[in-house]
Amino acid sequence: MKYKSTLKKELTKKINKYLIITRVKRSISARIISTLITVLIVWFITGNPFMGLSIGGVDMVIKLIVYYIHESIWEKKITKEIRKIKSKFYKNE
């Protein structure tokens with residue numbers, strides 16, 4: 001029994017680490033695409049590429065942080081739902 005519980009904890013730890021890394025990668029890739037769009041729009045409107053880069057840079061940092069927090073909240077909700085499913089499954093074993 002102890003071996004099974006140790007394995008379960010190790011698996012949970014690895015899954016959580018994977019989810020964090022994946023969340024960061026998704027956050028970064030989404031921000032790059034969104035920032036490029038912002039830079040191009042500002043550049044097009046103002047005619048100044050440096051203005052586009054300045055606004056795009058600030059936009060990227062702020063939204064990267066907000067997106068990470070947003071994903072973390074959703075991940076907690078999903079994890080809670082997964083625990084409920086697992087608990088029902090293990091009760092039926």
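Here, each number is a calculation from the coordinates, and none is a lab measurement. Just so you know, these numbers come straight off a predicted model, no measurement behind them. For neighbour counting, all protein chains shown are included, and Cβ atoms are generated from backbone atoms with ideal geometry for every residue, glycine included.
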Under a Cβ-only charge scheme (Lys and Arg +1, Asp and Glu -1), can you give me the dipole magnitude of the chain about the Cα centre, in debye to the nearest 20? 1040
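For the chain, what is the calculated [θ] at 222 nm in deg cm²/dmol (nearest 500), taking -39500 (n - 2.57) for each run of four or more DSSP H residues and dividing by its residue count? Intermediate results must be reported in sequence, preceding the final value.
Numbers: 2 runs with 89 residues, N = 93.
About -35500 deg cm²/dmol.
Return the subset of 14/91; 63/84; 13/84; 63/86; 14/63; 8/76 for which the Cα-Cα distance in this structure is over 30 Å, preserving the input order.
Details: 14/91 24 Å; 63/84 32 Å; 13/84 18 Å; 63/86 34 Å; 14/63 27 Å; 8/76 19 Å.
Violating the 30 Å limit, Cα to Cα: 63/84; 63/86.
I need to check one value: relative contact order of the chain, counting alpha carbon pairs closer than 8 Å and at least 6 residues apart, in percent.
On the way: 39 pairs, mean separation 21.3, N = 93.
About 23 percent, as a whole number.
So what's Rg/Rh here for region 5-64, counting alpha carbon atoms and using the Kirkwood radius for Rh? Spell out each step's value before the answer.
Values: Rg = 18.1 Å, Rh = 13.4 Å.
Across region 5-64, the Cα-based Rg/Rh ratio is 1.35.
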Apply the Karplus curve 6.51 cos²θ - 1.76 cosθ + 1.60, θ = phi - 60°, to the phi angles in region 64-69 and return the couplings in whole Hz, x for Gly and Pro. 5, 5, 4, 5, 4, 4
Projected onto the charge dipole of the chain (unit charges on the beta-carbon of Lys, Arg, Asp and Glu, signs +1, +1, -1, -1), the Cα from 11, 58, 45 with the largest positive-side position is that of 11
Take peptides 85-91, 57-63, 71-77 and line them up by average Cβ neighbours within 10 Å, highest first, as a rough protection proxy. 57-63, 71-77, 85-91
Distances over 19 Å make up what percent of all Cα-Cα pairs in region 25-93? 52
